[in-house]
Amino acid sequence: MTQSISVIIPTFRRPDGLRRAADSILAQANPCGLQLELVIVDNDPDGSGLASAQAIAREAAFPVRVVHMPEAGVANARNAGLAASTGELIAFLDDDEEAPATWLCELVGTLNFYDADAVFGPVRTRLPESVTAHREYYDEFFSRFGPEESGHIDHYYGCGNSLIRKSALPCEQPFSVERNTTGGEDDLLFAQMQARHAVFAWSAEAWVWEEPLSSRASLSYTLKRAFAYGQGPSAACASHKPMNLPGILFWMIVGAGQALVFGLAAAVLWATGAPRRARMLDKAMRGLGKVFWGGPFKLGFYGSAAS
């Protein structure tokens, strides 16, 4: 039986990245006979990516749907892509990622073999040669690591480089618009799916490249991002209805301990110039994020917040 699959690429003012990501989908090998479509969602209110997306559509050998979602925000973009998709399977690729030709078949093969509802794959960082300071840290920061072998997993990863069975989604607009600027909309969705006993799997061979902007290979960006990642557990407890106050208190205490221990370790490593000093400072920032998780400390990285 032929399976239909929609690959969704949300994009925001990144024409070179969009072209690279889309070209990698147009070049997918398809020995398994998948019925493919590509959905490109331009999330720039000005529609700056529409011309490039339409040019890609004219070149493709399979359907390409071009969607303009003018209300900026990562959840808005993902929801718009889902609304436009027709596939029974949904794959997500970010506009700073590039997939090898075997990517889709590896994901689909893993999903079918393990009868999974969602499959995640590795992300390998491709840094500019000009980045030399803290290069090992940046490589680790932008990568995604997992088990060496494919199989079932009891946790989830982010949306970029994932495949989801559409029937397993809890609703038609499953990404929380409350996370439009901060991110974490995918974590909330997968946590909801997990609570509904969704089956997750890891596809060790379904890796993609991630090529971050050179401006992001800097401590000013990654440490802010680490702080925002740290806010996730506390913010998730706060978003419960009713609010999970014991959970918030627990994560704030954990975060305070992490900030103190890793912060002191980072100070020592920085004084001695140790190679892992940036990684230790990253851990301290994630701890601080658990403590200062809302209000004026809420950071934005997507859509208009990233302008």
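Structure notes:
- Set of aspartates and glutamates with alpha-carbon distance to residue 166 below 13 Å, sequence-local pairs under 8 removed: 88, 117
- Counting only alpha carbon atoms, the long axis of helix 103-113 and the longest principal axis of the chain meet at about 90°.
- Cβ-derived FRET efficiency at R0 35 Å, residue 215 paired with residue 264, nearest 0.05: 0.70
- Loop-located chymotrypsin sites (Phe, Trp or Tyr not before Pro) in segment 133-162, at most 14 other Cβ atoms within 10 Å (DSSP): 145
- Taking amide H atoms as placed 1.01 Å from N in the peptide plane, the amide H of residue 151 lies under 5 Å from those of 202, 204, each 5 or more residues away in sequence or on another chain.
- Angle between the chain longest axis and helix 74-84 axis [Cα atoms, degrees, rounded to 10]: 20 degrees
- Magnitude of the charge dipole, segment 219-306, Cβ model with Lys/Arg +1 and Asp/Glu -1, debye to 20: 140 debye
- With Cα atoms, 0 to 90° folded angle of helix 277-291 axis to the chain main axis: 90 degrees
- Once log10 I(q)/I(0) by the Debye sum over Cα atoms at q = 0.09, 0.10 Å⁻¹ is calculated for the structure shown, the corresponding label among (i) -0.46, -0.57; (ii) -0.53, -0.65; (iii) -0.39, -0.49 turns out to be (i).
- Part-to-part distance (alpha-carbon centres) for segment 14-44 and segment 154-178, which is given in Å: 19 Å
- GNM top mover of 66, 74, 254 - the chain, alpha-carbon springs below 10 Å: 254
- Coupling constants for segment 247-259 follow from the phi torsions by the Karplus curve (6.51 cos²θ - 1.76 cosθ + 1.60, θ = phi - 60°), and in residue order they are x, 4, 4, 4, 5, 5, 5, 4, x, 4, x, 5, 4 Hz; glycine and proline get x.
- Highest GNM mean-square fluctuation among 60, 101, 195, for the chain modelled with Cα contacts below 10 Å: 195.
- Highest GNM mean-square fluctuation among 167, 48, 85, for the chain modelled with Cα contacts below 10 Å: 167.
Readers should treat all values here as calculations from the given coordinates under stated rules, not as data from a laboratory. What you see is a predicted model; the values in this text were computed from it and never measured. Glycine also receives a Cβ, built like all others from the backbone with ideal geometry; neighbour counts cover every protein chain displayed.
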